[in-house]
Amino acid sequence: MSDVQSLEFNCRDLTLTRNHRRVLEGISCAFRPGELTAVIGPNGAGKSSLLGCLAGIYAADTGQLCIGEREFNRIAAAERAQLCAYLPQQEAPAWSLAAQDLVALGLLPWGRSIDRAAKARRSLLALQQVDAGHLAARPVTQLSGGELRRVQLARLLVGDAPLLIADEPGAALDIRHQLQLMQTFRQQADTGKTVILALHDLGLAARYCDRILLLHNGSLAAQGSAEEVLTPARVGEVYGIHSEFRWRDGRPEFVAGDLL
């Protein structure tokens, strides 16, 4: 896995059509090991579509997706599943598994190379990582929305994939667990993983992420550091609000204002 962690994940000129509508247009960007990247933009900007393409859920109309020098769609599905863990925006459990068993599904790409006892240990550790160890035996159909989201996050983490992609992972979480979530993803990136998140909270994106991609109407409006992307003029143009980017006690801070 260490070899994979040293490789960049690149998309070049991606376009995508869904339901007879062009939702992505000419997206080119690089995602680097050790970086936490936020994909932001208004509703309908193309965030989920881009993450779906990156995770191999959607096949782009044109363009190229590469891990290092390898084309992503030429890598066998089993290996792709080991390289990339993906959490969609919304996901409802279809049956009443215990939370620990749902998390263990994240280890399916490794088949029988991980024995049952090891799967149980890793699943419990992943639950503890997201402050959900006490939910291990609880049926997932009996969890609150926030509890279920934390269990799903544990499933994302349990396989220790070098590429993590999560679509609005903080949805349904309270403030404490949103902060814990971002700290967890920050730690994952700091170990050398490539982490890509779709976020609506621009304050969290500014505080925790190395790079931000700003989508608008399916196109890449800007990419760079929070200070470079979250300018009042650009945020006003894309979101239609007043805003301020500032540094406070050595930390970047984004403050949303009134509507324009």
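The orientation-averaged shadow of the Cα convex hull for the range 108-260, equal to a quarter of the hull surface, comes to 11.2 nm².
What is the range 94-218's relative contact order, in percent, from Cα pairs under 8 angstrom and six or more apart in sequence?
Details: 146 pairs, mean separation 30.2, N = 125.
Here the relative contact order equals 24 percent.
Loop-located GluC sites (Glu not before Pro) in the range 1-102 (DSSP state not H, G, I, E or B) with no more than 14 neighbouring Cβ atoms inside 10 Å: 8, 69, 91. Relative to its Kirkwood radius, the Cα radius of gyration of the chain gives an Rg/Rh of 0.97. Which residue, 243, 113, 123, has the most motion in a Gaussian network model of the chain that connects Cα atoms within less than 10 Å? For the chain, modelled as a Gaussian network with Cα springs under 10 Å, the answer is 113. For the peptides 38-44, 205-211, 133-139, the ranking by mean Cβ contacts within 10 Å, running from highest to lowest, is 205-211, 38-44, 133-139. Cβ-to-Cβ counts within 10 Å put 177, 200 in ascending order as 200, 177, the fewest first.
Helix-only estimate, please: 222 nm mean residue ellipticity of the chain, summing -39500 (n - 2.57) across DSSP H runs of length 4 or more and dividing by its residues, to the nearest 500. Please report the intermediate quantities before stating the final value.
Details: 10 runs with 88 residues, N = 260.
Calculated mean residue ellipticity at 222 nm is -9500 deg cm²/dmol.
When the Cα positions of 102, 49, 63 are compared along the charge dipole of the range 42-122, 102 comes out farthest toward the positive end, with charges on each C-beta of Lys, Arg, Asp and Glu. Taking the chain as the reference, fit the longest principal axis to its C-alpha atoms, fit the long axis of helix 145-158 to the helix C-alpha atoms, and give the angle between the two in degrees, 0 to 90, nearest 10. Helix 145-158 sits at roughly 80 degrees to that axis. Projected onto its three principal axes, the C-alpha set of the range 1-106 covers 42, 36, 25 Å, listed from the longest axis down. For residue 177, the shell of other residues with beta-carbons less than 10 Å away shows a net charge of 0, using +1 for Lys and Arg and -1 for Asp and Glu. For residue 256, the shell of other residues with beta-carbons less than 12 Å away shows a net charge of -4, using +1 for Lys and Arg and -1 for Asp and Glu.
Indicate, rounded to the nearest 5 percent, the antiparallel portion of the DSSP beta bridges found entirely in the chain. Walk me through the intermediate numbers first.
Details: 27 of 44 bridges.
Roughly 60 percent of the beta bridges in the chain run antiparallel, per DSSP.
Values quoted throughout were computed directly from the atomic coordinates according to the rules given, and no laboratory measurement underlies them. Quick caveat, the model's predicted, so the values are computed rather than measured. Glycine also receives a Cβ, built like all others from the backbone with ideal geometry; neighbour counts cover every protein chain displayed.
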